[in-house]
1. Quick test of your reading of the structure: B:MET394 fulfils all but one of (1) open to solvent by 30 Å² or more (accessible area, probe 1.4 Å); (2) more than 14 Å from chain A (Cβ to nearest Cβ); (3) at negative phi. Name the failing condition by number.
2. Scan region A:45-80 residue by residue and report those that are of a type in the set (Ser, Thr, Tyr) and more than 20 Å from A:CYS119 (Cα to Cα).
3. Among (1) touching a residue at least 40 places away in the same chain (Cβ under 8 Å); (2) buried (at least 17 other Cβ atoms within 10 Å of the Cβ); (3) part of a loop (DSSP other than H, G, I, E, B), there is one condition A:PRO73 misses while meeting the rest; what is its number?
4. If you go through region B:46-75, how many residues are assigned to a helix (DSSP H, G or I) and open to solvent by less than 50 Å² (accessible area, probe 1.4 Å)?
5. Those residues that are more than 9 Å from every other protein chain (Cβ to nearest Cβ), within 16 Å of B:LEU38 (Cα to Cα) and part of a loop (DSSP other than H, G, I, E, B), I need them from region A:25-43; list them, please.
6. When residues of region B:110-157 are filtered for being at pLDDT 85 or above, open to solvent by 20 Å² or more (accessible area, probe 1.4 Å), not small (Gly, Ala, Ser) and not in a loop (DSSP other than H, G, I, E, B), how many remain?
7. Evaluate the following for B:GLY267: is it at positive phi and free of Cβ contacts under 8 Å to residues at least 12 places away in the same chain?
8. Please find, among B:TYR91, B:TYR54, the residue that is touching a residue at least 40 places away in the same chain (Cβ under 8 Å) and among the aromatic types (Phe, Trp, Tyr).
Amino acid sequence: MNKRTIQSIVLGVMVGLAVGLGSYTFIYAKGYSYLLNDPASCANCHIMQEQYDGWEKSSHRSVATCNDCHTPPGFFAKYYSKASNGFWHSFGFTTGRFHEPIQIKPHNRDITEKACRKCHQEIVDAIENPHAMSEQNETSCLRCHRNVGHLH
Amino acid sequence: MSESINEKPPAARTWSTRKFVLITALIATLGAIAGAALLINIFERKQEGRNPFYRVVDLTDETEDPEVWGKNFPLQYDGYKRTVDQIRTRYGGSEALPRSPTQADPRSVVAQSKLEEDPRLKAMWAGYAFSKDFREERGHAYMLDDQTFTERQQAAQQPGTCMQCHASVYVPYKKLGGGDLIKGFEAMNQMSYTEARKLVEHPVGCIDCHDPSNMQLRVTRPGFIEGMAALKASQGIANYDVNKMATRQEMRAFVCGQCHVEYYFKGPEKRLVYPWQKGLKIDDIMAYYDEVKQKDWTHADTGAPVLKAQHPEFEMWNQGIHARSGVACADCHMPYKRVGALKISDHHVRSPLLNINLACQTCHKWSEEELKARVETIQERTFKLRNVAMDALMDLINDIKAAKAAGKTDEQLAGAQDFQRLAQFYLDFVEAENSTGFHAPQEAARILGESIDFSRKGQKALR
């Protein structure tokens, strides 16, 4: 065997090992589940177990999954949001650096706020101040109804 | 690309290929290492989620020592042991004050004296053991020592009844009663404190609130079992058995209500009774005490037949918004916390003000400063009103004293003495309650307002 063949074999083994280990980890950690719509996958890492338990008893359990309220509409926006949150949540969980009890970030809260209107636009139109000039006096659904999805 | 490679001399081409292979291999290696590290981290996290507990020892209905329970439940036991902490809050908590141990009292640390902070308390309790020694309450860990060594023990002969709440008494009661809890309770009530003290060893422990076979919450205090049955009977529920009929969430308040209540010692047999036959409100309790003509002592300066309110946290909480919303004692004083993947209730029982994040912010989405300010606003207002009520009571006591000195008979003073009894009990009900009004702010203010009114009426009765 010439030098080149040996180099190729070594390279092949290295890359193969990395890909193999990566795929195994992906499957072991149920990575694929994050691409789907099952709310149980949001509690895979047990930090959101309480939110998941709460959702199962909530008024919205039969009409909305986690994704319906926590991702924006549109294929690209939805998967971008999943990827971004997925990365930061994994990062936080792996390093153990996150606030407890967990708190929603303004950006994600905004997504949820808008999500209410996906289904309830009509009633919001009817009650919203038509002269709202800034975001501050826009009607907030969550201010009063934050328990409909899950308590806490 | 291929053109540019072809232009290079063969040696340079080999070097470039080798570099490419090396760098790719390096990246792949680092990737594999990172992948393996992540895999192990995920594995560990998955393991955390399993096996909530290992049975190291067998727990029975006779396992009294919390340390033994701690072998099976080390996380809860760790928290439990931390009730030795002494931290002040604005209106409560306790400061660790050094003292020189003596033969009679070996404690080297005590809490601050409330009598020194407010000498009016001495006047209110004149002739009663509480006017000799009354300190800020410390954590559960000290309940037995602080009662064993208080100067109140020298001032008056205390009965064995006190043990119900100052010691882990479930196993001793059962032993004393030959397996019957109530019989043991009755027997210990009639002993002297010193005699009974020899039968108990620990402050409140695991077995006082948990069933050892399944860890479910359980009420073990006869006073509460009987008090609750009487309360429910007044609401039309016959034969109420708290251990069979209460919900889990109710039990998360009831186990605390076993001791954090108003009570009195009934009759010569010194039976511990919670005065709930007519209801849990102060007016119901007062009506009950008037009906059974209970007096804790005769006021030394005025001759009034007065009462000492104990620590009616359970009764006061029941009048507040948190109880109304189904929030139990444990939700704020033992909030859930996460240890690894486990969700456990924090057995370091303490003021929620020392743990605002888990105690309050689970429900209230405001900053810690904001929540603390809200609580302290309520407490400050209650404290100010309490001071007004205290001054009003002092005026009444002084007026009765003066009338007595001027030669008025007990018969002539009876009306004013009755008002003193009322004013004093209402004031003490808020004073002795360990939340400075927070458990039920408006109820606390109403009670203090009525106390002020009773003092005013008492003064009027002297005219």
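The values are calculated or read from the model by the stated rules, or taken from the named source; none is laboratory data. What you see is a predicted model, and the numbers here were worked out from it, not measured in a lab. Every residue, glycine among them, receives a Cβ derived from its backbone with ideal geometry; neighbour counts consider all protein chains shown. Surface accessibility is based on the protein's heavy atoms, side chains included, excluding ligands, DNA and RNA. Shrake-Rupley method; radii C 1.70, N 1.55, O 1.52, S 1.80 Å.
1. Of everything listed in (1) open to solvent by 30 Å² or more (accessible area, probe 1.4 Å); (2) more than 14 Å from chain A (Cβ to nearest Cβ); (3) at negative phi, B:MET394 misses just condition (1).
2. Answer for region A:45-80, where residues must be of a type in the set (Ser, Thr, Tyr) and more than 20 Å from A:CYS119 (Cα to Cα): A:TYR52, A:TYR79, A:TYR80.
3. Every condition holds for A:PRO73 apart from (2).
4. So the count comes out to 5.
5. A:LYS30
6. Final tally of qualifying residues: 15.
7. yes
8. B:TYR91
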